[in-house]
DNA sequence: GCAGCCGATGACACCAAGTGTCATCGCATA
DNA sequence: TATGCGATGACACTTGGTGTCATCGGCTGC
């Protein structure tokens, strides 16, 4: 794999995921990833801001998709309903690629630094969704609360989905969890 | 400040907070912190697992306090009510030391890595609270949801508090935000 | 009061993440 | 064919973080 093979970024992503699975995240060095991809450490850091970033490449586009859906939800939707509609799109995308999603989830779940980064990505998604809600005229606080609440349900559903490999579909699971969240809030 | 002055850990915390405020988190090296505290870099890393950890020293004790309160809440309390009771104790502690809290908040807010770590600490608090709820007989999912929901309200209230320096007290603010969250969930 | 143990610190070498800088390569286009 | 440009390599450098052994000073038992 020479210097000018195409798709350097994709090769780095693939190599990183493989090595993280084979030897663990901490035991893998960036130099090893670059070597397997036929590139150098320096080039790795031109494509990804850090060693963790290579696993979160799809986060931006996912976030954009969710945000667009929230923005375009019918005016009649409540804030939380709009958030739920956006997250259902994300859920569908994850369900489509559930093998990749599970692989990636296993790697991320096995390491504290990666879980940390995932939290950050969820936080960024929440902030973007809240901003989209404000664009719909939702108040400052209510926007943050609806976004965070919806994403809490998403995260809990995602965790359940990961624990029980193939027994459930993510979509219905998310609906269930959201209902349960509303019940918890109501009785509180 | 010689080798055997007392309270090495406290000196490191103080030096770090000062330097992070003076020059920013990234511009400060661990060697500088250690020097100001009259110690060495190696000793810094014996007291704190990494450069960020030095700002989150109180998190464990705060978490323990919250968890204890949740565990000891009256049986009649709903899950979310128990969580709220626990967080109100945290709120009271922060309100007591609000100058320190604001200083620290400014430093953390100014840096992405520190915000990241704060998210993690909130996540750990949520997990601990959820575990306490399960000890009260709350179901798996409902425990996670109630814990995350309560902490969402806490985080939003904390952010509002930080934005408007002295105009509001954190306690009432937290109650307001929690009410608003319930309303958002109910109409969703 | 002294010997010896032990926890806290220093000294030092080392690894790996991440960055700045300049050279080099190959492609596209005039 | 010349030339500009974006992507990559080469290489030195800083800094976070760790392993290891020496050293210091207090404490305990005698």
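Coordinate-derived values only; no laboratory data. Please read these numbers as outputs of a predicted model, since none were measured by experiment. Positions of Cβ are backbone-derived with ideal geometry, glycine not excepted, and every protein chain shown enters the neighbour counts.
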How far is residue A:124 from the same spot in each other copy, in nm, shortest first, if each label point sits 7 Å from Cα toward Cβ?
2.4
Which of A:98, B:11 has the fewest other C-beta atoms within 10 Å, and how do the rest follow up to the most?
A:98, B:11
Quick one: helix B:8-23 against the long Cα principal axis of chain B, what's the angle to the nearest 10°, folded into 0 to 90?
90
Projected label distance in nm at residue A:113 and residue A:72, using a 7 Å step from Cα toward the beta-carbon
3.9
Separation of region B:1-53 and region A:45-99 by C-alpha centroid, Å?
40
Kindly give the distances from residue A:172 to its copy-mates, label point to label point, with each label point 7 Å from Cα along Cα→Cβ, as nm values to one decimal ordered shortest first.
4.9
So what is the relative contact order of region A:1-75, in percent, for Cα pairs below 8 Å that sit 6 or more residues apart?
29
For the rotation taking chain B to chain A, the chain B residue with the nearest C-beta to the axis, plus the distance in whole Å, reads B:185, 2
Under 20 Å from the 7 Å Cα→Cβ point of residue A:169, by amide nitrogen: which residues of region A:85-113?
A:85-102
In degrees, nearest ten, helix B:79-96 long axis to first principal axis of chain B (Cα)
40
Approximate spin-label separation residue B:32-residue B:140, in nm, with each point projected 7 Å along Cα-to-Cβ:
4.9
Kirkwood Rh for the protein assembly as shown from C-alpha pairs, in Å, is 22.5
How far is it, in nm, from the label point at residue A:14 to the one at residue A:89 when both lie 7 Å from their Cα along the line to the Cβ?
2.9
So residue A:98 and residue A:187, fully extended at 0.36 nm per residue minus their Cα-Cα distance, gain in nm 28.6 nm
On Cα atoms only, tilt of A:59-72 relative to the major axis of chain A in degrees
20
Where only alpha carbons of region A:126-188 are counted, the Rg and the Dmax (Å)
13.4, 40
Taking Cα pairs under 8 Å and at least six residues apart, what relative contact order does region B:24-163 come out at, in percent?
25
